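Peer 1: My structure is below; once you've seen it, I'll send some questions.
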Amino acid sequence: MSTINPNGKDIIAVSTEFCGQPLKLEVNRVGFRSTASVLVTYGETVVLGTVMVGNRPIQGMDYFPLSIDYEEKFYAAGKISGSRFIKREGRPSDEAILIGRLIDRPIRPLFPKGYRQEVQVVSSVLSMDPNFRPDMVAMIAASTALMLSGTPFDGPVAGVRVGRVDGEFKAFLTPEERAASELDLVVAGVEGGITMVEAGANEVTEELIIEGLAWAHGMIQPAIALQRELAKKVGVAPLEYTLVLPNEEIQKVVDEWTKGKLGEDLQKPYPERNELIGVLRGEFHDAMTEKHGEEYDALKAEYEEAFTMALHKDVRANIIKSGTRPDGRKLTEIRPLSSEVGVLPRTHGSSIFTRGLTQALNIVTLAPLSYAQLVDTMEQSDFERRYMHHYNAPGYTVGEVKRLGSPGRREIGHGYLAERALFAVLPSEEDFPYAIRSVTEIMSQNGSTSMAATCSSCLALMDAGVPLKSPVSGIAMGLMMDGNKPCVLSDIADAEDFAGDMDFKTAGTSKGITALQMDMKVHGLPVDVLADAINQGKEGRAYILKHMLETLDGPRKTMSPYAPRIEKLMVNPEKIGAIIGKGGEMINKITSETGAEVDIKDTGLVTIAAVDAAAIEKAINWIKSLVEEPEVGKIYEGKVVKLMEFGAFINIMPGIDGMCHVSQMDDVRVEKVTDKVKEGDVVKVRLVAIDDRGRLNLSMRPSDLK
């Protein structure tokens, strides 16, 4: 297809079959002033991908200034924000930030080292088909726009979100299929390998994950081929750029100076290794200052970068050649572990989990279900999150001075990964009617704080008495490739992470995986290499889990005395109005007079919460009296409300009266109703029948009250 648009350029479109539906890419239709833009259509989902490239490298920057954002547009789903005060899109939701990270992670490693041009990528959802999530369409839009931008992007990239339906893998699941699936697996990659994996699962086996990776990598190939086809049709002109690379002469000087000072001399446990490196770094800069004099101030940043590169090369060489890690550990060895629970007296649950220099303090707070977080996004309306995990890592945890502020993308991502790791083992709302907030305060960082957060969170949840189905542990794995030979490392620390080719985090129970995250720093890895890391991770998880269970072998049977007690009862949904009352009058009265909090679900689930058990009992009895259905054969204590010649009306429940005929007032004949009762009397009666018109027949006969 090729037509002329008002801007005078040909509109070029290509399409292919992708996971059962047509995938269409269009250029030159919108976004005339951007470096590159593309409209991607899949089903009724339309995503605009745009790229803007800065005119020149940013001077003095020591990292690649790439930003990748995902924009939710409420109009795409035919919605107006449910917020009472804010109707336009503002700060991105946590969900949008997580999807932005999901798109960023497989793309960022595909730019050459030393590229310093400012690049901004935005995927904006313009129309959303509610039958599937739009995130993978947005990933294709971002990758396609980069392919058309002329930047040195070694793509294209594509991804799919995979689930299991009736024992078969499927991409682009419906909401109903996602809810029923035991697996939520995102796989992204290039033509020759996988560059990113993320998963949440219901204790699935490692074998199933590996099988899903291979299936997904095959499924993304049509989307990759289509991007290449479009780029060829457009005839993309490469942009000029200059790589900011270490000066080879400086690197030679540094390598020569460090020769004989690295290797075994630095193979010490942390923090001793870090202290030795600090001393060596100081000696190095002193030597270079003496050699170059005042001129060294202008060169110091380049020498510092070269020194760091020498450290990384030394780490890789020792691991690949001799299997020796920076702190002297074997490839499968895990750093020393220690754990504590119940460390804070007034919180509902708490723990400290320490692995080497990485330490996480976790605090759990329990509350009634009414404290669940209400989520309003483009994809979901009025969705309640009853379990929330939040992650904080201030500057002091890495030995730096940093301003305190709101959590960044990294904090949100790490918190979500730990949240996902525990989600599959949480008790149901019916079994444990609490809102649960778990907060990880990182105390110290030296590799894989997200997995420390997972372990600490699990211990604190058990300390709080949350009846988890199974305990969960997590571990971070690393990888260094020696040609085609992988060296897989268990429990990586910072030095190995910075020098390695992959960062892989896996969490799960003794039965299987609950969460997974893999980020490749090389340009794609085959499934068999990833399989080695996944299987080695299983052993590491089991080792850490054994340690955790030695600290606390399961959820506590009793909760903290400061945690609210919550009781639940199911009522007929048609009776909910009786509990709430006109304008909320009744539920407010129950709350104010008993001191208990009452929460009601549309299903008829009523939860009553209070620290005082007596307050809960009083509220329960009150609610039961409002919703209880009359039961034939049951004895009630009621109040006489009206006298008639033939009998008396007796109120046995709020709003429910029955008739006791004069013939049913005694075992012997009663001449007059007033001989037995008067208005206001409280009497015992048995409900003997409910007739076809719903009228209640009562008896006061002594023989019926036995």
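FYI, it's all coordinate maths here, none of it is from the lab. Note that the structure is predicted; figures quoted are calculated from it, not measured. Virtual Cβ from ideal backbone geometry, glycine too; neighbours counted across all protein chains shown.
Peer 1: Given the peptides 539-545, 559-565, arrange them by the average over their residues of other C-beta atoms within 10 Å, most packed first.
Peer 2: 539-545, 559-565
Peer 1: Now, a different point. Given a Förster distance of 56 angstrom, what is the FRET efficiency for Asp532 paired with Ile656, based on the Cβ-Cβ distance and rounded to 0.05? Show your work: numbers first, answer last.
Peer 2: Values: r = 69 Å, r/R0 = 1.24.
The computed FRET efficiency comes out at 0.20.
Peer 1: Taking the Cβ of Ser37 as the centre, find all other residues whose Cβ is under 13 Å away and add up their charges (Lys, Arg: +1; Asp, Glu: -1). Numbers along the way, then the final one.
Peer 2: Working: positive: Lys9, Arg29, Arg33; negative: Glu26.
Net charge around Ser37: +2.
Peer 1: Another one. If you add up the charges near Ile352, with Lys and Arg at +1 and Asp and Glu at -1, over every other residue whose beta carbon is less than 12 angstrom from its beta carbon, what do you get? Walk me through the numbers before you get to the answer.
Peer 2: Working: positive: Arg355; negative: Glu340, Glu441, Asp463.
So the surrounding residues net to -2.
Peer 1: Also: Can you tell me how segment 2-234 classifies by the Cα gyration tensor, rounded, prolate or oblate, using a/c under 1.5 as the rounded cut? Write out the running numbers ahead of the final one.
Peer 2: On the way: a/c = 1.40, a/b = 1.29, b/c = 1.09.
Here segment 2-234 falls in the rounded category.
Peer 1: Take the cross-link list Lys568/Lys601; Lys330/Lys521; Lys642/Lys676; Lys261/Lys330; Lys9/Lys232; Lys268/Lys330 and give me the ones stretching past 20 Å between alpha-carbons.
Peer 2: On the way: Lys568/Lys601 11 Å; Lys330/Lys521 23 Å; Lys642/Lys676 13 Å; Lys261/Lys330 22 Å; Lys9/Lys232 16 Å; Lys268/Lys330 13 Å.
Flagged as over cut-off: Lys330/Lys521; Lys261/Lys330.
Peer 1: Through the Karplus equation 6.51 cos²θ - 1.76 cosθ + 1.60, θ set to phi - 60°, convert the phi angles of segment 656-669 into ³J(HN,Hα) values in whole Hz; use x for Gly and Pro.
Peer 2: These are the phi-based 3J(HN,Hα) values: 10, 10, x, 9, 9, 5, 4, 6, 9, 8, 6, 6, 10, 5 Hz.
Peer 1: Which of the helices in the chain, when you take each full DSSP H run, stretch at least 18 Å along the axis at their Cα atoms and have an average Kyte-Doolittle score of 0.0 or higher?
Peer 2: Numbers: long enough: 94-107 (20 Å, 0.42); 135-149 (21 Å, 1.56); 206-219 (20 Å, 0.48); 221-234 (20 Å, -0.19); 272-292 (30 Å, -0.90); 296-322 (38 Å, -0.37); 409-423 (21 Å, -0.49); 449-463 (20 Å, 0.97); 527-551 (36 Å, -0.13); 613-627 (21 Å, 0.81).
Passing helices, by number: 94-107, 135-149, 206-219, 449-463, 613-627.
Peer 1: Place a label point 7 angstrom from the Cα of Tyr562 along the Cα-to-Cβ direction, then list the residues of segment 332-365 whose backbone nitrogen is under 14 Å away.
Peer 2: Correct set: 342-351, 363-365.
Peer 1: OK, next. Does segment 565-627 classify as rounded, prolate or oblate by the C-alpha gyration tensor (a ≥ b ≥ c root eigenvalues; a/c under 1.5 gives rounded; else a/b over b/c gives prolate, otherwise oblate)? Walk me through the numbers before you get to the answer.
Peer 2: Values: a/c = 1.88, a/b = 1.32, b/c = 1.43.
Cα axes put segment 565-627 in the oblate bin.
Peer 1: Something else: Relative contact order of the chain, please, whole-number percent, based on alpha carbon pairs below 8 angstrom and at least 6 residues apart.
Peer 2: Values: 1477 pairs, mean separation 72.2, N = 706.
About 10 percent, as a whole number.
Peer 1: Under the rule a/c < 1.5 gives rounded, and otherwise a/b versus b/c splits prolate from oblate, where does the chain land using the Cα gyration tensor? Display every interim value, and only then the final one.
Peer 2: Values: a/c = 2.91, a/b = 1.88, b/c = 1.55.
Prolate is the answer for the chain, as a/c is 1.5 or above and a/b outweighs b/c.
Peer 1: Please work out the FRET efficiency for the pair Asp286 and Phe85, using the Cβ-Cβ distance as r and a Förster radius of 56 Å; give the result to the nearest 0.05. Mind showing how you got there, number by number?
Peer 2: On the way: r = 59 Å, r/R0 = 1.05.
After rounding, the FRET efficiency stands at 0.40.
Peer 1: What residues have an amide H closer than 5 Å to that of Val611, excluding those fewer than 5 places away on the same chain, when H is modeled at 1.01 Å from N in the peptide plane?
Peer 2: Placed amide hydrogens put Arg565 under 5 Å from Val611.
Peer 1: Please report the spacing between the Cα centers of segment 362-422 and segment 235-272 in Å, no decimals.
Peer 2: Taking the Cα centre of each part, segment 362-422 and segment 235-272 sit 37 Å apart.
Peer 1: Which order results if Leu266, Leu245 are arranged by neighbouring Cβ count within 10 Å, fewest first? Don't skip to the answer; put the middle values down first.
Peer 2: Numbers: Leu266 21, Leu245 12.
Listing Leu266, Leu245 from fewest to most nearby Cβ atoms yields Leu245, Leu266.
Peer 1: Need the full-extension length gain, Glu629 to Glu275, defined as separation in residues times 0.36 nm minus the C-alpha distance. One decimal, nm. If you can, show how the numbers build up before the last one.
Peer 2: Working: separation 354, 0.36 × 354 = 127.44 nm, distance 7.37 nm.
Extra length available between Glu629 and Glu275 comes to 120.1 nm.
Peer 1: May I ask you to compute the full-extension gain from Leu239 to Glu671, defined as 0.36 nm times their residue separation minus their alpha-carbon distance, rounded to one decimal in nm? Walk me through the intermediate numbers first.
Peer 2: Values: separation 432, 0.36 × 432 = 155.52 nm, distance 10.87 nm.
Gain in length upon complete extension: 144.7 nm.
Peer 1: For Ile436, which sequence-distant residues (separation of 5 or more, or a different chain) have an amide H within less than 5 Å of its own amide H, given hydrogens modelled in the peptide plane?
Peer 2: Tyr387, Met388
Peer 1: Which FRET efficiency, nearest 0.05, do Met309 and Glu207 yield, Cβ-Cβ r, R0 35 Å?
Peer 2: On the way: r = 39 Å, r/R0 = 1.11.
Using R0 = 35 Å, I get an efficiency of 0.35.
Peer 1: Measuring from a point 7 Å past the Cα of Arg695 along Cα-to-C-beta, which residues in segment 625-661 have an amide N at less than 19 Å?
Peer 2: 630-633, 640-653, 655-661
Peer 1: Turning to a different aspect of this structure: What is the sum of charges around Val343, taking Lys and Arg as +1, Asp and Glu as -1, for the other residues whose C-beta is under 13 Å from the C-beta of Val343?
Peer 2: Details: positive: Arg346; negative: Glu340, Glu441, Asp463.
Local net charge: -2.
Peer 1: Test of understanding: extend the Cα→C-beta vector of Glu44 to 7 Å, then name every residue of segment 55-97 with backbone N under 13 Å from that spot.
Peer 2: So the set is 76-79.
Peer 1: Let me ask another. How much space per residue, in cubic angstrom, does the convex hull of the C-alpha atoms of segment 195-237 take up? Display every interim value, and only then the final one.
Peer 2: On the way: hull volume 3.6 nm³, N = 43.
Here the figure is 84 Å³ per residue.
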